[in-house]
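Beneath this line is the structure, given in structure tokens, with notes to follow.
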Amino acid sequence: MRIAECGMRNKKSEIQNPKSKIVHPNLSVDFAGIKLKNPVLTASGTFGYGEEYADFVDLNRLGGVIVKGISLKPIAGNPPPRIWETPSGMLNAIGLENPGVEVFLREKLPFLRQYDTAVIVNIFGCSVDDYLAVAERLDGAEGVSGIEVNISCPNVKAGGMAFGTDVKATFELLSTVRKATRLPLIAKLSPNVTDVTDFAKAARDAGCDGLSLINTLLGMAIDVRTGKPRLANCTGGLSGPAIRPVAVRMAWQVARAVSLPIIGMGGIVTAEDALEFILAGASAVAVGTANFMNPRAALDVLDGIEAFLAEYRPGVTGIEDIRGKVNIT
Ligand SMILES: Cc1cc2nc3c(=O)[nH]c(=O)nc-3n(C[C@H](O)[C@H](O)[C@H](O)COP(=O)(O)O)c2cc1C
């Protein structure tokens with residue numbers, strides 16, 4: 001039976017269960033200065049602004065919500081089809097559709113603020129100035145716990161190459177955003193690079209407080225009957241369980257290369273998937289594509305982590321006890 005299916009409910013941390021005599025670990029995490037009640041978040045772009053899921057999920061139980069990417073001005077996104085299901089995953093080319101930072105602050109953030117969960121705002125832009133303006137606008141906004149910078153966007157001024165696939169552009173972008181905000185700054189790394197640790201080091205040198213990885217892998221699917229690409233945009237980002245081994249490998253490499261805390265993501269569906277990232281060195285995890293199949297996926301992962309630790313690692317008192325403890329002999 002999969003861990004996520006074993007049906008254990010979340011129990012209060014540190015409370016001794018008189019029947020089993022098991023001490024439930026305290027799953028809270030201080031992530032780059034952000035207090036997370038547990039290490040399970042929802043990944044950007046897969047959980048809207050929280051409100052879309054609030055009828056199905058008690059948002060108070062989540063460690064945090066990383067909201068859909070926000071830009072300076074509203075963006076309509078790409079024409080359909082924008083999603084294509086692939087073996088153990090999906091391709092998407094939503095095109096970063098969003099209402100812009102002003103509408104986010106006015107109409108989306110107040111809803112999320114009602115909940116006892118960390119709100120991390122994912123931001124992006126087409127130029128350094130765009131990113132800077134969004135970060136400045138968020139700085140000091142009540143209820144924002146941190147900023148996650150999506151560096152996988154095309155740098156319009158540099159001819160369209162993504163910021164996150166050029167080490168120098170990554171450093172320059174993140175150094176500038178760093179100056180715009182006192183909020184904890186988390187760089188979201190792209191997997192579409194030769195050596196992800198170079199980008200992790202650039203983010204560290206630019207003054208980031210944490211890292212998120214991975215974003216989607218660039219992919220393409222073609223309908224052989226019509227000869228047309230499955231996505232109107234031709235290419236899209238691959239996510240879901242198909243990418244998990246790549247993501248775990250990158251989290252492991254980055255954890256060994258830099259000491260910044262990591263939010264691990266990429267194909268997490270069950271608690272065991274999440275624990276792979278934590279053993280690889282991540283301090284927290286984010287559930288993405290799985291939310292589309294099961295709106296409660298993040299809570300199932302959380303319940304499953306508690307159940308797993310209670311059953312298999314009864315001595316563990318917190319996430320730090322197992323973080324990075326992949327057993328390499
Ligand atoms: C439909 C969709 C929209 C996404 N939108 C964003 C986004 O706005 N900003 C961002 O940084 N990542 C975005 N992502 C990437 C996810 O946050 C996550 O990094 C990636 O999907 C890997 O995790 P998963 O396999 O669990 O989905 C999006 C992913 C999907 C599937």
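No lab work stands behind these numbers, since they all come straight from the coordinates. Predicted, not measured: the structure shown is a model, and the values here were computed from it. Here the Cβ is made from the backbone with ideal geometry for all residues, glycine too, and neighbour counts use every protein chain on show.
Per-residue ellipticity at 222 nm for the chain, helices alone: DSSP H runs ≥ 4 residues times -39500 (n - 2.57), over residue total, nearest 500 deg cm²/dmol?
For the chain, the value works out to -7500 deg cm²/dmol.
What chymotrypsin sites (Phe, Trp or Tyr not before Pro) in region 28-63 are in a loop by DSSP, with at most 15 other Cβ atoms within 10 Å of the Cβ?
Phe56
Can you give me the distance in nm between label points at Glu97 and Asp58, each placed 7 Å from the Cα along the Cα-to-Cβ direction?
Between Glu97 and Asp58, the simple spin-label model gives 3.2 nm.
Going through region 207-294, which trypsin sites (Lys or Arg not before Pro) have at most 15 other Cβ atoms within 10 Å and a DSSP loop state?
Arg225
Which trypsin sites (Lys or Arg not before Pro) from region 123-221 combine a DSSP loop assignment with at most 16 other Cβ atoms within 10 Å?
Those satisfying the criteria are Arg182.
Of the chain, which part is the longest with no GluC sites (Glu not before Pro) in a loop (DSSP not H, G, I, E, B) and with at most 16 other C-beta atoms within 10 angstrom?
Answer - 143-329.
Using the Cα centre as the reference, give the magnitude of the dipole from point charges on the C-beta atoms of the chain (Lys, Arg: +1; Asp, Glu: -1; all else neutral), rounded to the nearest 20 debye.
260 debye
For Asp129 and Arg113 in one chain, what is 0.36 nm times their gap in residues minus the Cα-Cα distance, to one decimal in nm?
3.0 nm
For Asp30 and Asp205, compute 0.36 nm times the residue count separating them, minus their Cα-Cα distance, and round to one decimal in nm.
This chain segment gains 60.9 nm when fully extended.
Taking R0 as 45 Å, what's the FRET efficiency between Val224 and Glu51 from their Cβ-Cβ distance, rounded to 0.05?
For R0 = 45 Å, the calculated efficiency reads 0.65.
Quick one: order Cys126, Cys153 by neighbouring beta-carbon count within 10 Å, fewest to most.
Final ranking by Cβ density, sparse to dense: Cys126, Cys153.
Could you sort out which of Lys157/Lys179; Lys73/Lys188; Lys201/Lys228 sit more than 30 Å apart by Cα distance in this structure?
Exceeds cut-off: Lys201/Lys228.
Residues of region 122-153 with the amide nitrogen closer than 20 Å to a label point 7 Å from the Cα of Met161, along Cα-to-Cβ, please.
Only 125-131, 150-153 fall inside the zone, counting backbone N under 20 Å.
Determine, for Met90, Met220, Met265, the number of other Cβ atoms within 10 Å of each Cβ, and report the residues in order from fewest to most.
So the ranking, lowest neighbour count to highest, is Met220, Met90, Met265.
Search the structure for amide H atoms under 5 Å from the amide H of Ala118, placed 1.01 Å from N in the peptide plane, and list their residues when 5 or more places away or on another chain.
Those lying under 5 Å, H to H, from Ala118 are Lys37, Gly64, Val65.
Work out the FRET efficiency for Ala232 and Asp195 from their Cβ-Cβ distance, taking R0 = 41 Å, and round it to the nearest 0.05.
The calculated FRET efficiency here is 0.80.
So, in nm, how far is label Phe292 from label Glu172 when the simple model puts each one 7 Å beyond its Cα toward the Cβ?
Label at Phe292, label at Glu172, 3.4 nm between them.
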